[in-house]
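Engineer: Let me begin by handing over the structure; questions about it come next.
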């Protein structure tokens, strides 16, 4: 559920985005006003992968980002050159484990777009 500010931040920092792109927390809900994937496509990016805990629109792979044994995480080590993870870590049971898995999925020199208001756990 991207916010207007998050989408505009991506647009302003378009020069930092490189494919392939991973969107963590990619599921769209009926009330969402913005869509990271649609924004990226409008900027010319096509190689995007969306992951979320709950299956639904914009979710290519359903997974728990805290689970290092997940097949997606194991098969995509050091693959992504850009990772978008906004307003996700504050909802996971172990944000430190999630961060380790995000680092595992990111290649050397990758760009991480991260936004968190707070950490609940």
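Engineer: Inspect all residues belonging to segment 51-63 and state whether any of them is in a strand (DSSP E or B), surrounded by 15 or more Cβ atoms within 10 Å (Cβ to Cβ) and within 11 Å of the chain's Cα centre (by Cα).
Structural biologist: The answer is yes; a qualifying residue exists.
Engineer: With at positive phi and free of Cβ contacts under 8 Å to residues at least 12 places away in the same chain as the only criterion, which of 56, 44, 25 stands out?
Structural biologist: Details: 56 fails: free of Cβ contacts under 8 Å to residues at least 12 places away in the same chain; 25 fails: free of Cβ contacts under 8 Å to residues at least 12 places away in the same chain.
None of the other options fit; the residue is 44.
Engineer: Please state which one of 72, 113 is touching a helix residue (DSSP H, G or I) at 6+ places or on another chain (Cβ under 8 Å), surrounded by 13 or more Cβ atoms within 10 Å (Cβ to Cβ) and touching a residue at least 12 places away in the same chain (Cβ under 8 Å).
Structural biologist: Of 72, 113, the one residue that is touching a helix residue (DSSP H, G or I) at 6+ places or on another chain (Cβ under 8 Å), surrounded by 13 or more Cβ atoms within 10 Å (Cβ to Cβ) and touching a residue at least 12 places away in the same chain (Cβ under 8 Å) is 113.
Engineer: Considering 85, 107, 66, which residue is surrounded by 14 or more Cβ atoms within 10 Å (Cβ to Cβ), free of Cβ contacts under 8 Å to residues at least 40 places away in the same chain and not in a loop (DSSP other than H, G, I, E, B)?
Structural biologist: Checking each option against the conditions leaves just 107.
Engineer: Kindly indicate whether any position in segment 33-45 is touching a strand residue (DSSP E or B) at 6+ places or on another chain (Cβ under 8 Å), surrounded by 14 or more Cβ atoms within 10 Å (Cβ to Cβ) and not in a helix (DSSP H, G or I).
Structural biologist: Within segment 33-45 (the criterion being touching a strand residue (DSSP E or B) at 6+ places or on another chain (Cβ under 8 Å), surrounded by 14 or more Cβ atoms within 10 Å (Cβ to Cβ) and not in a helix (DSSP H, G or I)), the answer is yes, since at least one residue qualifies.
Engineer: Sort out which residues of segment 1-24 are modelled with pLDDT of 95 or more, touching a helix residue (DSSP H, G or I) at 6+ places or on another chain (Cβ under 8 Å) and in a loop (DSSP other than H, G, I, E, B), and write them in order of number.
Structural biologist: Hit for segment 1-24 is 17, nothing else.
The values are calculated or read from the model by the stated rules, or taken from the named source; none is laboratory data. These numbers come from a predicted model, not from an experiment. Every residue, glycine as well, gets a Cβ built from its backbone with ideal geometry; the counts of neighbours run over all protein chains shown.
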